[in-house]
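**Q** Structure below; questions to follow.
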Amino acid sequence: MKIKFAITILFFLFSTFSMAGNADQKHTQMIMVTSSDYSSPDAKLQRYSFKNGKWQPVGKKIDVKIGKNGMSWGIGLHKTPADAVIIKKEGDGKSPIGIFKLKEAFGYEPFSAAYPYMVMSEKNHCVDDINSKWYNKVIDSTKVTKDYSSHEVMKFKANYYRYGVVVDHNPNSVKGAGSCIFMHIKEIPTTGCTAMSESQMKEIIQWLDPKAKPLLLQAPKSEAKRLMEQLRNL
């Protein structure tokens, strides 16, 4: 019994340490997405709010889908390990690993939320042509000089982008490092985004608070602790 009790205490202390934060935490909302390994397209999503000096879970953990080929290290607020070999590339079918700011939410029609929200139309494109100056940007195609041959239309017949949030992956639009990463609606694995049901996506948008400067922390379980340690210094 003493051994079991000691193990329980150690687990509790580890959990508290791993989810602790900086008392002056600038970002006070976080969405954590974790998969079992680098190649799985299935993941779990848990929301957190930073209160009383630590990250505390909000709501229930939900099942989500990520890239059909799993995850690879992306570009965000984190430091990519020097020994990382699975690096995000355009068209790899992988969701990015790391810590990322969340940009505006979006959808096909107006939606009541405190978080910045953009109504998309067929003229809104997200450019994934690596040779375009608009690479990795959501643009109004009627207001720019079109220099791209490949893009995603941000409003189409399927409901995939009926509600979503832009993930600030590859913020400086490094050529070929991956583009057009969102959280959105879908029931099957994606080409690099994080997907869930419509009701779950709407709940997240309504929960997001611009004053909290929300983040997405996304990783295989083996890398989540390393990223949590970096989170304290952001």
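**Q** Among all cysteines in the chain, which have no other cysteine Cβ under 4.7 Å from their own Cβ?
**A** Cys193
**Q** Loop sites only, by DSSP: take the GluC sites (Glu not before Pro) in the chain that have at most 13 other C-beta atoms within 10 Å and name the longest stretch containing none of them.
**A** Details: sites that count: Glu122, Glu187.
In short, 1-121.
**Q** How far, in degrees from 0 to 90, does helix 221-231 lean away from the longest principal axis of the Cα atoms of the chain, to the nearest 10?
**A** Helix 221-231 sits at roughly 90 degrees to that axis.
**Q** If each DSSP helix of 4+ residues adds -39,500 (n - 2.57) and the sum is divided by the residues in the chain, what number results at 222 nm, nearest 500 deg cm²/dmol? List each step's numbers first, then the result.
**A** Values: 3 runs with 38 residues, N = 234.
Taken over the chain, the calculation gives -5000 deg cm²/dmol.
**Q** Measure nothing fancy, just the Cα-based angle from helix 198-207's long axis to the longest principal axis of the chain, in degrees from 0 to 90, nearest 10.
**A** 70
**Q** Let me ask something additional. Could you give the angle, 0 to 90 degrees to the nearest 10, between helix 2-18's Cα long axis and the longest principal axis of the Cα atoms of the chain?
**A** Compared with the principal axis, the helix lies near 40 degrees.
**Q** With no solvent and one point on each alpha carbon, what is the Debye value of log10 I(q)/I(0) for the chain at q = 0.16 Å⁻¹?
**A** These q points yield log10 I(q)/I(0) values of -1.15.
**Q** While we're here: For the stretch 2-231, what is the percent of antiparallel DSSP beta bridges, rounded to the nearest 5? Kindly include the intermediate steps, with their values, before the conclusion.
**A** Working: 35 of 52 bridges.
Around 65 percent antiparallel, to the nearest 5.
None of the figures in this text is laboratory data; all of them are computed from the coordinates on show. Being a predicted model, the structure only gives us computed values, none of them experimental. Cβ atoms come from the backbone with ideal geometry, glycine included; neighbour counts cover every protein chain shown.
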